[in-house]
Amino acid sequence: MEKLGKITVKHFLNTALSDRGCAVSILDEKGNPCPLAPLYPLYVKITFMRKTTQQKSIINQDFATMEEAYSKYRAILSGEARMIEDVIRREYQNLNRKVELRGLARKCEVYRKELVELVFEGYLWGDFAREVLKSRTGYMRLLLQKFPRTPAMEHYNAALQLIGDRPGLLRMRERFESYAMIERCLPQAMSASIFDWHYSDLKERFSLRALQKGYSFKQTSEVVALVDSIIADFLRQ
């Protein structure tokens, strides 16, 4: 494979778009309107293999200066740059010189996938639903209602009570316990995304919170590795 060339990712204010400043005027002490600095959306310019494109930043906010943007979101902007570089590297591994920057924004969008939903769908729900269907219980409709809003272990224990200690269901206990740990220790669980886990400090905050809640380092490391694996499988699709 040909050596990967330099990837340049640079944030900028898109001044080519109309000023979207605040419509409400600020008055000075004499009651006269004060001129407001124009505000512009944040974009990203990407250059790779003599090709250039630009796309809107994941920070959906307008700014007067780049200094203002960096002062508020430096860590997120740095993470966004690393995410874009990773997407390009993955594309390059698959396509080599045929890689295109066109459509890059859509490829980056997968990192906005909600993390808890991804773990729920990819790790837990499919096998659980199959066990419930095989039981042919009259409680299938109840048990097959998806349960991100219901604590996982409550749903699992209810299934054991309603359809019995089926071997396949018993083998899923460890999965449910891992998912329950994610529910308990992931801050803002329902809005956390792959981006937050990979390119922000969510993974570190999750680990710290798990240890504070009494989980062992081994348990915490295993669940972190599990989430990393589920994300990697999803991104390979």
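All of the numbers you see were taken from the coordinates with simple rules; none came from a lab. Owing to the predicted nature of the structure, the values given are computational and were not obtained by experimental measurement. Neighbour counts are summed over all protein chains in view; Cβ atoms, including those assigned to glycine, are modelled from backbone coordinates with ideal geometry.
Descriptive notes on the structure:
- Here the extension length gained between MET140 and ASP127 equals 3.3 nm, from 0.36 nm per residue of separation less the Cα-Cα distance.
- Which label in [x] 66, 37, 31; [y] 51, 45, 41; [z] 73, 60, 36 gives the computed Cα extents along the principal axes in Å: [z]
- Once the Cβ-Cβ distance of ARG173 and ARG236 is raised to the sixth power relative to R0 = 35 Å, the FRET efficiency obtained is 0.80.
- Selection from THR137, ILE182, PHE120, by position along the positive dipole direction of the range 118-228 (Cβ): THR137
- Ellipticity at 222 nm from helices only: DSSP H runs of n ≥ 4 in the chain, each -39500 (n - 2.57), divided by the residue count, give -15500 deg cm²/dmol.
- Placing one equal scatterer on every Cα of the range 165-225 and applying the Debye formula, the log10 ratio I(q)/I(0) at q = 0.17, 0.29 Å⁻¹ is -0.59, -1.24.
- The Cα center of the range 101-155 and the Cα center of the range 165-237 differ in position by 14 Å.
- Here LYS56 is the anchor, and the lysines within straight C-alpha reach of less than 18 Å, apart from those fewer than 8 places off in the same chain, are LYS10, LYS45, LYS72, LYS107, LYS113.
- For trypsin sites (Lys or Arg not before Pro), the sites in the range 68-167 that DSSP calls loop and that have at most 14 other Cβ atoms within 10 Å are ARG102, ARG136, LYS146, ARG149.
- Residues whose placed amide H lies under 5 Å from that of LEU4, excluding near-sequence neighbours: none
- Cleavage-rule hits, GluC sites (Glu not before Pro), the range 178-237, DSSP coil, Cβ neighbours within 10 Å at most 15: none
- The label point for LEU39 and the one for ASP201, both projected 7 Å from the Cα toward the Cβ, are 2.6 nm apart.
- Altogether, the Stokes-Einstein calculation at 37 °C and 0.692 mPa s, with the Kirkwood radius of the range 114-237 over Cα pairs as Rh, returns a diffusion coefficient of 216 µm²/s.
- Set of aspartates and glutamates near LYS203 by C-alpha distance (under 19 Å), chain-local residues within fewer than 8 positions excluded: GLU80, ASP86, GLU114, GLU117, GLU177, GLU183, GLU222, ASP228, ASP233
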